[in-house]
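Data block below; observations after.
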Amino acid sequence: MNLKVISRNVGYALLVSALFMFFSIVVSLLNGRDSALASLLISFLITFIVGIFPFIFVRQTSVITLKEGYVIIVLSWLLSFVVGMLPYILWGGPFDVTNAWFESVSGYTTTGATILERVEDLPKSLLFWRSSTHFIGGLGVVVFLLLIIPNASPVKMRLMSMELSSLSKSAYAVRANRTVYVFALVYFALFVLSSASYALAGMPVFDAVCHAFSVSASGGFSTRTLSISAFDSFAVEAITMVFMLLSSIHFGLVFLVFATRSFKPLNNPVLKFYLAALLVFSLVSGLSLRVAGVYDNLGRALWTGAFHTISTASTTGFAISDNAAWPMVANMLLMMLAVMCGCAGSTSGGVKADRVLVLLKTVGRQTSRTLHPSIVSEVRLGGRSLKEEQLTPHLLYVAVYLLILAVSLLLAIGMGLDVQSAFTGSLSSLGNVGPAIGDIGSMGNYNDVPSSVKFIFTVDMFLGRIEIYPVFAVVAMMFGPKRR
């Protein structure tokens, strides 16, 4: 492998983080040089120097191998996590090394889990940096890199084919080298529209921008300990629901609706399945809250159930209620959604609704074959017949995902965490959802979780965000048999 090629491309990713650290410094200056100025300035200088170093001493190249591409992807994320924790460590407070690492990984992977017991204790510049990591991670540190690399570069084509899964490419009606621009265009449009909507609804501009960073990235970091409920505004809650939903739909479909000025692109089997699931889960959750007496008003119960259903499915994790007081049936429904989550080609995490639909159709086909061995049946999706070689990778992904979940659960229990927190924490971390149940629920935090378990959860976050296989590929390169 050519380490020079790798270092130059990873440098791009670090410079993106340096840019947002610079913006955070500006926020600090605008707020009277708050207490995070020095930590952000030092972090910016370190990140900028490390990021710019390869461009000074390494020549640009248009050649990149498959192995180098995977190393670039994995290293870009890991080093972003490392530089992202610097402002927290240097500022101090509740941020020891473990907590700073947890907050950084949770931010970049758009998980939204936090160790903070009182979010408002952070200075505004550090809150801005915290939300910025969502914005960087939502688009993806590698996608930022792809926006910089020239279109004609073979490096760009190779990295794009590895960063965007086959699931997410299917709904883009544009040339392959334009896919990343469509994704970025929709992403930035969601950010601009959500921040403007929040401001018009009465949210302070600083809070509007930070929450727009989170909602467009399906993150969940808020500037308030009580999350969205702190604003006590029906309009803010409604805006949040709309943009959480949009952020969890395939960006190619969202783009086509506006590009064609037609709702025809929404006639998509995966989208229909996803919206139907949200409707059913919202109704059942809302009714369970009313029956359990959490809310006396049916309308408020249904509204809260719908908000948290969309929040979980989109993996945003914003909250308007403390699910620690909810009946178990409602919480279990949320945890089921934390496995599936949103659609491929969006900023949400989880297995993806696409794979769940493929799995259900495959189970249906196998059931038919069991009852009628001579029948010729096939799995069809959106008018397309899926061959075995197209089905197998997605079914294997679901199996590997559940295996990682089981290993994480066992490790967390072995390290001293109670069974409920271990299970729901592993589920939420791997799905990049954030909030779980109980002490680590929608109004809780991960501060009291053992340090070793926090590390396990961050590994889950990383694997869930990068969709597992790139990490496996790099590990195989490092420890597998060497092949020429």
Report, to the nearest whole %, how much of the accessible area of the stretch 337-484 belongs to carbon and sulfur atoms, 1.4 Å probe, protein only. 65
Per-residue [θ]222 nm for the chain (sum of -39500 (n - 2.57) over DSSP H runs n ≥ 4, rounded to 500): -22000 deg cm²/dmol
Given a Förster radius of 22 Å and the C-beta distance between Arg261 and Phe188 as r, what FRET efficiency does 1/(1 + (r/R0)^6) yield to the nearest 0.05? 0.65
Paramagnetic reach from Lys272 in the stretch 330-361 [backbone N under 17 Å; point 7 Å along Cα→Cβ]: 353-361
If you take every residue apart from Met85 with its C-beta less than 13 Å away from the C-beta of Met85, what net charge results, scoring Lys and Arg +1 and Asp and Glu -1? 0
In the chain, how many lysine pairs have Cα atoms under 17 Å apart, counting only pairs 8 or more places apart or on different chains? 11
Quick calc: nm separation of the 7 Å Cα→Cβ label points for Ile52 and Leu3 -> 2.4
Sum up the charges of everything whose Cβ sits under 13 Å from the Cβ of Ala36, counting Lys and Arg as +1 and Asp and Glu as -1, but leave Ala36 out. +1
Provide the descending list of Cα extents for the stretch 307-422 along its principal axes, expressed in whole angstroms. 51, 33, 26
If you average the C-alpha positions of the stretch 412-475 and of the stretch 278-318 separately, how far apart do those two centres end up, in angstrom? 24
Could you please report the charge total around Tyr198, scoring K, R as +1 and D, E as -1 over all other residues with beta-carbon less than 12 angstrom from its beta-carbon? -2
In sequence order, what are the phi-derived ³J(HN,Hα) couplings for the stretch 262-267 according to the Karplus relation 6.51 cos²θ - 1.76 cosθ + 1.60 with θ = phi - 60°, rounded to whole Hz, with x for glycine and proline? 8, 8, 4, x, 6, 7
How long is the gain from Glu117 to Ala238 if the chain were fully straight, where each residue apart is worth 0.36 nm and the alpha carbon distance is subtracted? 40.9 nm
Give the carbon-plus-sulfur fraction of the accessible surface of the stretch 1-115 in %, rounded to a whole number; probe 1.4 Å, heavy atoms of protein chains only. 72
Pull up all non-local amide H partners of Leu381: gap of 5 or more, or a different chain, and H-to-H distance under 5 Å with H placed in the peptide plane. Leu386
Counting only heavy atoms of the protein chains, get the accessible area per residue of the stretch 387-484 (1.4 Å probe) and round it to a whole Å² value. 47
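First check a/c for the stretch 267-316, with a ≥ b ≥ c the square roots of the eigenvalues of its C-alpha gyration tensor; if it is under 1.5, answer rounded, and if not, answer prolate when a/b is larger than b/c or oblate otherwise.
prolate
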Mean separation of Cα contacts under 8 Å, 6 or more apart, over the residue count of the chain: relative contact order %: 16
Shape category assigned to the chain from the gyration tensor of Cα positions, a/c cut at 1.5: rounded
Relative contact order (%) - criterion: Cα under 8 Å, at least six apart; region: the stretch 258-348: 28
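Which percent of the accessible heavy-atom area of the stretch 259-304 goes to carbon and sulfur, probe 1.4 angstrom?
On the way: 1840 of 2770 Å².
C and S atoms contribute 66 percent here.
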Within the chain, which DSSP H helices have Cα atoms that stretch 18 Å or more along the helix axis and a mean Kyte-Doolittle hydropathy of at least 0.0? 3-30, 37-57, 66-91, 124-139, 179-200, 234-247, 269-291, 298-313, 328-340, 353-371, 388-414, 451-466
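The values are calculated or read from the model by the stated rules, or taken from the named source; none is laboratory data. Keep in mind it's a predicted model, so treat the numbers as computed, not measured. Positions of Cβ are generated from backbone atoms using ideal geometry, with glycine treated the same way; all protein chains shown enter the neighbour counts. For the accessible areas, the whole protein counts, side chains as well, though only heavy atoms, and no ligand, DNA or RNA atoms are used. Shrake-Rupley method; radii C 1.70, N 1.55, O 1.52, S 1.80 Å.
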